[in-house]
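Let me begin by presenting the structure, written as structure tokens, before commenting on it.
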Amino acid sequence: MSESTNWVANQSWEPGRVARPSTAEEVAALLREAGEAGSTAKAAGSRYSLTGSAATDGVQIVLELLSGVVEVDLSKHLVRARGGTKISNLNKALHAHGMALENLGDMDQQTLAGATATGTHGSGAGFGGLATMVRSLEIALPDGSLVECSAEHEPDLFDAARVSLGALGVVTELTLEVLPSFRLHVVEEPRTLTEALVRLGDDVADTDHYELQWYPHTDRVMTKYSTRLAPDDPRDEPRPGWRRLVDKRIVEHVVLEGVNRACSMVPVITPAAKAVTAQRLSRREYTAFSHEVFVHGHRPRFIETEYAVPAPVVKDVLLELKAWTDDAGSTITHPVKVRFSAPDDLWMSPSYQRQSAWISVQQYHRMDHVDYFAAFEDIVAAHDGRPHWGKLHRLGAKSLARLYPRYEDFLAMRERVDPKRVMSNQYLRRVLGD
Ligand SMILES: Cc1cc2nc3c(=O)[nH]c(=O)nc-3n(C[C@H](O)[C@H](O)[C@H](O)COP(=O)(O)OP(=O)(O)OC[C@H]3O[C@@H](n4cnc5c(N)ncnc54)[C@H](O)[C@@H]3O)c2cc1C
């Protein structure tokens, strides 16, 4: 990945210059200098966002040297880490101390600050996204000051800066609440979509971390039930087959990449090819440490849009989407993923004060996604869907102001900390205005 593209290379840009600060003070100085020069600056994490949110023609602040765990406080269950720390490295460090994050998304290559800035989440109706685990953070503001904020100190800045869209400054360190390491007992069970939807309410309520993947062009679904185990639970033994399962998944992903390439060359074969894939889904049951279960890792490259909708409307959205994909002519390579999260109080979080279902729609990156994503966005718009900040979406300031009750407060906070719009770029001008 070059420094001027994102993970799937659907976004590219030319930074005016690239800086690699190794201290928070250097980050603050870069922002102050950019402001004084009438220029802009933008933090880049791992550039896994599919939007242009990390793009800049000003100073690209690459945080790879501002990474690593600062402190693990076992007695208070807190970890302090630098903003550029990759989630995978944080997981390793925590595991070595017998600790773990409460919940995770399905990928661990993002940075802590990039993932929280965009509201990255996993699944579990009783759990919030990564940003809800943050207990305090240090942010370099565009005027060159360094501020530590928390629920006690600068609480408004704290509520705005945990999911900040990168608009308020550069997060240099974060303190997160963590838990003693735990294992998950997982059952992956293929079902029909009809059956999965009938039992959905109970499955979501009765399972710590429930998710499903529906395979368009078919009625097949893979449901995944992950249950948190107490240390003395008899199922608390990692299965010897766990490693083999990981290896099998790598092979499956290589095969899938080949199938997707064939589909991109002859799109008309896609429904049949995907029906064969969906027929091969089989039941799996295993136990493993939480981070090994949450994170899937390898997969063919894709492009994606994802929205959080009010949890009660998730069935309607899926059935409307199925009706659209059943129409002749649509060729969709990737499953639709459905996850759940608890309401939170972070101003720009898509789960703000709403029990949410997240619906993610993906397409192999070499195939056309435009009509499919537009149809999906039409459907979720009618259900007050809020877009994931790290995934493609078409919404602008006017629609977002209606969807986010604290949108105006967020704009006021941006005006307070960044009146010169040092942190601005094309993406932020679209979603927040000038
Ligand atoms: C394969 C893949 C799997 C994914 N899986 C999930 C998932 O399971 N759940 C989910 O919710 N999302 C998922 N995502 C989305 C991903 O978590 C987000 O896009 C996240 O932002 C990526 O973090 P990053 O470090 O790459 O940030 P970047 O893409 O580099 O930056 C994202 C934004 O954060 C800002 N930023 C970066 N660092 C800082 C900082 N230090 N201070 C302030 N702002 C900063 C940037 O300026 C930019 O605006 C996935 C994406 C991909 C490509």
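Here are a few things to note about the model shown:
Here is a yes/no grid of residues against (1) more than 12 Å from the ligand (Cβ to nearest atom); (2) modelled with pLDDT of 90 or more; (3) hydrophobic (A, V, I, L, M, F, W, C); (4) open to solvent by less than 20 Å² (accessible area, probe 1.4 Å):
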residue	(1), (2), (3), (4)
328	yes, no, yes, no
333	yes, no, no, yes
340	yes, yes, yes, yes
352	yes, yes, no, yes
368	yes, no, no, no
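- In the set (1) farther than 28 Å from residue 184 by Cβ; (2) free of Cβ contacts under 8 Å to residues at least 24 places away in the same chain, the condition left unmet by residue 280 is number (1).
- Looking across segment 292-316, just one residue is away from the ligand (no atom under 15 Å from the Cβ) and touching a helix residue (DSSP H, G or I) at 6+ places or on another chain (Cβ under 6 Å), and that is 315.
- Taking (1) closer than 25 Å to residue 74 by Cβ; (2) at pLDDT 95 or above; (3) open to solvent by 50 Å² or more (accessible area, probe 1.4 Å) in turn, residue 202 satisfies each apart from (1).
- Any hit, segment 383-394, residues being of a type outside the set (A, V, I, L, M), open to solvent by less than 10 Å² (accessible area, probe 1.4 Å) and away from the ligand (no atom under 16 Å from the Cβ): no
- Residue 398 falls short on exactly one of the conditions (1) within 12 Å of the ligand (Cβ to nearest atom); (2) more than 28 Å from residue 9 (Cβ to Cβ), and that condition is (1).
- Of the strands (runs of 3 or more DSSP E) lying entirely inside segment 4-65, those carrying at least 1 residues that are surrounded by 21 or more Cβ atoms within 10 Å (Cβ to Cβ) and more than 11 Å from the ligand (Cβ to nearest atom) are 59-62.
- Filter result (polar (S, T, N, Q) and not in a helix (DSSP H, G or I)) within segment 290-321: 305
The values are calculated or read from the model by the stated rules, or taken from the named source; none is laboratory data. Note that the coordinates shown come from a computational prediction; the quantities given were computed from them, not determined experimentally. Neighbour counts run over all protein chains shown; Cβ positions are idealised from the backbone, glycine included. For the accessible areas, the whole protein counts, side chains as well, though only heavy atoms, and no ligand, DNA or RNA atoms are used. Shrake-Rupley method; radii C 1.70, N 1.55, O 1.52, S 1.80 Å.
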